[in-house]
Amino acid sequence: MAQIIIITVIGIVCGILIYIAYRKIPQKVQGLEKTEEISSILPGLNCGACGYAGCFGLAQALTQNPELVRNAPCALTVQDPDRLKRLGIALGMEIDASDLIKKALVHCSGGSVSIYDYSGINTCKGASLLLGGNKKCPFSCLGYGDCSKVCPVEAIKIDPGKNVVLVDWNKCIGCGLCVSECPQNIIELVPVKTKISLLCSYTPLRNINGRERCENGCLHCRRCVRACEFGAIIWNEQKLMPEFDASKCTLCLKCVEVCPAKCLIKSVLAENETPVPVATVSNTALQQKSDEK
Amino acid sequence: MNSSNLLTIFFTLAIVQNFIVAQFLGLCPFFGVTKKLSDSISMGMALILVMVISAAACWLITYKLLIPYDMLYMNVVVYILVIATLVQIIEMFVKRTNANLYNAFGIYLPLITVNCAVLGITLINLREEFSLIQSIVAALGGGFGFILIMAIMAGIREKLELADSPKSMRGLPVAIFVAMMLGLTFFGFGGIG
């Protein structure tokens, strides 16, 4: 009997202690209000999929750097427009859901010369094991379509003429399966609002001109940077490649006209129009193929 | 009770009877929170705090309440109750008094409310019949050993992220291999003490 009473008393005392602590310790402390506010908007499941220690951890990171929300860390929040709107108000910035939706883009327009005849297993991975692929350019799309095999919505097609894959942005759901599947690492998830893209990922690691490897490759000539009047193109000195700022771009297309290798493309037609499949050059080939059918 | 006795207890629990690799306690944070070095050290600091406080509180409960009333068989229930209450109060206190401290390790406090390592130290103290001072030193030693292993594991895993491991082995599988080798290494201390 004494034991039952003691256990009950310990339980009651613990409860009362928590209550007293809740009442006596000052309610508000400076520095955490904003974190608390963001944390109350987040789903609160503590699933950890964002890579932080629970929803409060993500809220802390968002408090320090609100721009982090552009990387769409919390999938549950991105899918819920109402919650995203409230998060935007709490962070003091406009969050457009279309900024967070991403589509796959293949950074290659094909055209690299074959250096040997590959007749092994019919996959990109098989071909990439032998001298890094049968193309002269080490960053070339091999065109065996590993990405199109994993695509859950069949948004990726192979262009047989140029031996390069095409992503249909109307179908792409931005799952990123193709990105991890590609052995050449040339597929990237880009925001759906991207206006101009570079269809080449050749980095001149050994000061070799891109043109020696491929007819359609980036020459690293910086002509697009000089052509842009709005400062939307920045030259990345480490990669020696242009980078595009979609917020400054007005779609004047001067960079596309001036590019000597024709490897810059417009990935969105204009406002109010749905995104189209990329690669104007390869696109015509795809069109002809569907006409034949 | 002399100081060498306390030192023995400290190093026995820190290295020879290490919580993670020798006693297999606290394995969930061992794999869950060792992706980043800073995270793992914060987690270890929070765990040391909780272990020391709960070791002291549970010693008082055991020797002032449970043994006099002959109800030692209820110890696990009482310990869980007391530790959970203490951790909740500590978390509330840290959250409302010091935002910087809370940002550093406060978020881990709810995660270790009743971690097996925390419950483990109280049961070990009871089994070894430690005094109050010895219990606190044992908790400090256990926490130190925990941080040591967490930091080693996190350091290795940060490097492993860059390593070119086979696709099926990436992430958790290769971490378990590392844990095995770490366990074997610390197995070498087995005969000491």
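The values are calculated or read from the model by the stated rules, or taken from the named source; none is laboratory data. Just so you know, these numbers come straight off a predicted model, no measurement behind them. Using ideal geometry, Cβ is built from the backbone for each residue, glycine included, and neighbour counts are taken over all protein chains shown. In case anyone asks, the SASA skips ligands and DNA or RNA and just uses the protein heavy atoms, side chains included. Shrake-Rupley method; radii C 1.70, N 1.55, O 1.52, S 1.80 Å.
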* Just a yes or no: is a residue in the range A:140-161 at pLDDT below 80 and touching a Phe, Trp or Tyr at 6+ places or on another chain (Cβ under 9 Å)? -> no
* To do: Scan the range B:62-105 residue by residue and report those that are open to solvent by less than 40 Å² (accessible area, probe 1.4 Å), of a type outside the set (Val, Ile, Thr) and touching a residue at least 40 places away in the same chain (Cβ under 8 Å).
  => B:ASN75, B:TYR79, B:PHE105
* Structure fact -> Of (1) over 12 Å from the mean Cα position of the chain (by Cα); (2) within 13 Å of chain A (Cβ to nearest Cβ); (3) buried (at least 19 other Cβ atoms within 10 Å of the Cβ); (4) in a helix (DSSP H, G or I), B:TRP59 fails just (2)
* Given the structure, is B:THR122 buried (at least 21 other Cβ atoms within 10 Å of the Cβ) and within 8 Å of chain A (Cβ to nearest Cβ)? -> no
* Within the range A:91-111, how many residues turn out to be surrounded by 12 or more Cβ atoms within 10 Å (Cβ to Cβ) and in contact with a Pro (Cβ under 9 Å, 6 or more places away or on another chain)? -> 8
* **Hits in the range A:50-72 (condition: modelled with pLDDT under 75 and away from every other protein chain (no Cβ under 13 Å))** => A:ARG70, A:ASN71, A:ALA72
* Looking only at residues in the range B:17-28 that are open to solvent by 10 Å² or more (accessible area, probe 1.4 Å) and of a type outside the set (A, V, I, L, M), which one is farthest from the other protein chains (Cβ to nearest Cβ)? -> B:GLN17
* Asked: Is it fair to say A:GLY120 is loosely packed, with under 13 Cβ neighbours inside 10 Å and either outside the structural domain of A:ILE173 (by TED's automatic domain parsing) or among the aromatic types (Phe, Trp, Tyr) (or both)?
  -> no
* To do: Might you check whether a residue that is open to solvent by less than 80 Å² (accessible area, probe 1.4 Å), assigned to a helix (DSSP H, G or I) and basic (Lys, Arg) occurs anywhere in the range B:162-181?
  => no
* Asked: What pairs can you find where one residue is in the range A:27-47 and in the same structural domain as A:LEU62 (by TED's automatic domain parsing) and part of a helix (DSSP H, G or I), the other is open to solvent by 70 Å² or more (accessible area, probe 1.4 Å) and modelled with pLDDT of 70 or more, and their Cβ atoms are less than 6 Å apart, with a gap of 6+ or different chains?
  -> A:ILE41/A:ARG86
* Which number in (1) in contact with a helix residue (DSSP H, G or I) (Cβ under 9 Å, 6 or more places away or on another chain); (2) modelled with pLDDT under 85 marks the one condition that A:ILE10 misses? -> (2)
* Give the residues of the range A:85-114 that are assigned to a helix (DSSP H, G or I) and at pLDDT below 80, sorted by residue number. => A:ALA97, A:SER98, A:ASP99, A:LEU100
* So B:SER54 clears everything in (1) at pLDDT 90 or above; (2) over 15 Å from the mean Cα position of the chain (by Cα); (3) buried (at least 16 other Cβ atoms within 10 Å of the Cβ) except one condition, right? Which one? -> (2)
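Do any helices (runs of 4 or more DSSP H) entirely within the range A:189-293 hold 1 or more residues that are open to solvent by less than 60 Å² (accessible area, probe 1.4 Å) and modelled with pLDDT under 80, and if so, which?
So the answer is A:280-292.
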